[in-house]
Amino acid sequence: MANEQKTFEISKGALLLPPLPIDAPIFKGLSSALIRWDMLESDISSRANFSGFALVESPLLTARAYFLDSKFVGAFAFTEGKQAKALTRETLISSYSTRDTSISLFTLDRYIVAMLSNASTWILELERTVPQASFNALFSQLGAQRHTGQLVVLDFDWRGIITMMEGQPILTSYESGTVTLYQHEALTRIAIEAEDAGVQLGVYGKGEFALLDQNAILSEGSFEEVVQTWAEILAFCETRTDAARGKLTFDTHWRAASLSLVERYPELDPFLDEVKFSGSRLLMKRPSPSAFEALIAAYLETMKRLGVNPGALYPLLMQIRDKHLKIWRAAGLEVICPF
């Protein structure tokens, strides 16, 4: 574990390269002796509106060369800990021309290419640990500020990387051992696990992010509306689940999810009745930011136990979201249904 902690660390000099959801390659493992760099660029330029990357692997380095609209736009070498070091085209070509170099070519979403090819301009804007900072609050603030860059979440044996454009996550990945998850499945796992003490949070961007005081937005005067919002969300999910699977299905999984999270969120202890959902009613003795964090964790864990992808509920929850736009992000609810 100690070695993994050293490998996964937030760096002021480099962002972390996320794993990519890769489809079948156009070609894979070709020798540079068979396809020179000029031949590679000529092949890519012949492909209309190509967006993707070439994976260059040699004894000297492993690098990604990104292409957008069939043109080279940037390259990054992998360094220790899967961090990224920007390469010039000339440096890449020099390394590419060495012996024992192989090249693979993959397509990739153009928005991801546009983001990652500009990553050399990002700097480390914020570094925090839990419980000094909250993942949900931080994620919400990045959305509210239309952040472009990365939110990195690191623990001893897992890491999550959320690459954002104008406040929207366009690539989310989660790694733990041999397990790699992407997009909403990754975001759900990160949100569940990111509240353990000692988890590191890092924000990379162009120096424009300002950490806001969540309590200045989410004041006691708005707690009643947050509770009402959650009551509507949970009642909707309960009705939909029970109609499809039988009465008390949601309630059963909610109790099991709450019990599994008690060590991390004592408010969910059913014997304390601090936070309780039963019979389509949500009861909270002392509404607080920490209690709302517990609700998010319990909701995501319940969805996981039900085998429901929370992303599938987004269109159905928009009506509730639109009624409570003022507090939605401040309460961390963007994890449930983003803007």
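The values are calculated or read from the model by the stated rules, or taken from the named source; none is laboratory data. As the structure is a prediction and not an experimental result, all values here were calculated from the model. Neighbour counts are summed over all protein chains in view; Cβ atoms, including those assigned to glycine, are modelled from backbone coordinates with ideal geometry.
Can Ser104 be described as in a strand (DSSP E or B), among the hydroxyl-bearing types (Ser, Thr, Tyr) and surrounded by 15 or more Cβ atoms within 10 Å (Cβ to Cβ)? Considered against the rule, which asks whether it is in a strand (DSSP E or B), among the hydroxyl-bearing types (Ser, Thr, Tyr) and surrounded by 15 or more Cβ atoms within 10 Å (Cβ to Cβ), Ser104 comes out as yes. Taken over the range 310-326, residues that are at pLDDT 75 or above and either of a type outside the set (Asp, Glu) or not assigned by TED's automatic domain parsing to the domain that holds Trp230 (or both) amount to 11. Taking the criterion of being part of a helix (DSSP H, G or I) and not basic (Lys, Arg), the residues of the range 182-194 that qualify are Gln183, His184, Glu185, Ala186, Leu187, Thr188, Ile190, Ala191, Ile192, Glu193.
Against the definition (crowded, with 22+ Cβ neighbours inside 10 Å and either assigned to a loop (DSSP other than H, G, I, E, B) or small (Gly, Ala, Ser) (or both)), how does Ala197 come out, yes or no? Criteria not met by Ala197. On the stretch given as the range 40-58, residues that are in a helix (DSSP H, G or I) and touching a helix residue (DSSP H, G or I) at 6+ places or on another chain (Cβ under 9 Å) total 1.
Of the residues making up the range 238-253, those that are aliphatic (A, V, I, L, M) and farther than 14 Å from Gly279 by Cβ number 2. The single condition among (1) assigned to a helix (DSSP H, G or I); (2) surrounded by 17 or more Cβ atoms within 10 Å (Cβ to Cβ) that Tyr111 does not satisfy is (2). One residue stands out among those in the range 309-328 that are more than 17 Å from Val227 (Cβ to Cβ) and surrounded by 17 or more Cβ atoms within 10 Å (Cβ to Cβ): the one that is farthest from the chain's Cα centre (by Cα), which is Leu313. Note on the range 135-174: residues that are within 24 Å of Ala114 (Cβ to Cβ) and within 11 Å of the chain's Cα centre (by Cα) total 18.
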